[in-house]
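What follows is one structure encoded as structure tokens, with my remarks underneath.
The values are calculated or read from the model by the stated rules, or taken from the named source; none is laboratory data. Please read all numbers here as calculations on a predicted model, not as lab measurements. Every residue, glycine as well, gets a Cβ built from its backbone with ideal geometry; the counts of neighbours run over all protein chains shown.
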Ligand code: PAN
Ligand code: ZN
């Protein structure tokens, strides 16, 4: 291998991205986790939620935010890990959101696992895309997005989005998604929500 001359101005970046696992490493990487008690309202069967351990892990996110949140022209990067599991028939999933600056897009790609990406526009039209290792997903602006883990192992999804996009969780908290990702007779089904 050709060695890098120490006097050259080639620098190493201080962020590592594991291409196999999606893991981000480095001092600037932020981590957050969502347990059942943090996201309990997203699930249909609230009675079942009450019977489960509130500490059940639902998902974790690692983010690299190299510029200030809200700055125009920058990009953010992240890896989301959704645990396998269900509340009643409904698969574990992320809260989901529109971007606060509505017309901002995002890329998702599936690193590991199996799942469904739910996309919902402002008229509540739904598109469900299959997440499987290597799948790439372009999420247009003004479209809410949520991922559900329909497999038996961790679902790992990478993301890249504009640093001025922000997150609007309130609209989804109030209206919800118009469909759920559920298991029915051993099959994965996109079901209209009644409530
Ligand atoms: C992702 C999501 C991440 C967690 O990085 O923020 O998957 O989902 P919630 O934000 O819905 O809890 C993204 O879409 N950023 O814009
Ligand atoms: Zn987003």
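Observations on the model:
- Restricting attention to region 75-99, the residues that are within 13 Å of residue 116 (Cα to Cα) and near ligand 2 (Cβ under 10 Å from one of its atoms) add up to 2.
- Summed over region 157-175, the residues that are over 23 Å from residue 68 (Cα atoms) and either surrounded by fewer than 18 Cβ atoms within 10 Å (Cβ to Cβ) or more than 16 Å from ligand 2 (Cβ to nearest atom) (or both) give a count of 4.
- Note on region 29-50: among residues that are assigned to a strand (DSSP E or B) and more than 16 Å from ligand 2 (Cβ to nearest atom), the one that is surrounded by the fewest Cβ atoms within 10 Å (Cβ to Cβ) is 31.
- Within region 86-104, tally of residues that are surrounded by fewer than 18 Cβ atoms within 10 Å (Cβ to Cβ) and either within 26 Å of residue 164 (Cα to Cα) or within 16 Å of ligand 1 (Cβ to nearest atom) (or both): 5
- Here region 176-195 is the region considered, the condition is being in contact with a strand residue (DSSP E or B) (Cβ under 6 Å, 6 or more places away or on another chain) and in contact (Cβ under 8 Å) with a residue 60 or more places away in the chain, and the residue that is surrounded by the most Cβ atoms within 10 Å (Cβ to Cβ) is 181.
- Filter result (more than 9 Å from ligand 1 (Cβ to nearest atom) and either in a strand (DSSP E or B) or more than 22 Å from residue 115 (Cα to Cα) (or both)) within region 145-157: 148, 149, 155, 156
- Pairs with Cβ under 6 Å, 6+ apart, first in region 40-66 and farther than 23 Å from residue 108 by Cβ, second part of a loop (DSSP other than H, G, I, E, B) and away from ligand 2 (no atom under 16 Å from the Cβ): 45/88; 48/88; 49/43
- Restricting 123, 132, 127, 69 to residues that are more than 17 Å from the chain's Cα centre (by Cα) and free of Cβ contacts under 8 Å to residues at least 24 places away in the same chain narrows the list to 123.
- Set 141, 134: member being within 12 Å of ligand 2 (Cβ to nearest atom) and surrounded by fewer than 16 Cβ atoms within 10 Å (Cβ to Cβ): 141
- In region 105-121 there is no residue matching the filter, namely being on the phi < 0 side of the Ramachandran plot, away from ligand 1 (no atom under 16 Å from the Cβ) and not in a strand (DSSP E or B).
- One residue alone among 96, 141, 74, 70 is at pLDDT 95 or above and within 21 Å of residue 188 (Cα to Cα), and that residue is 96.
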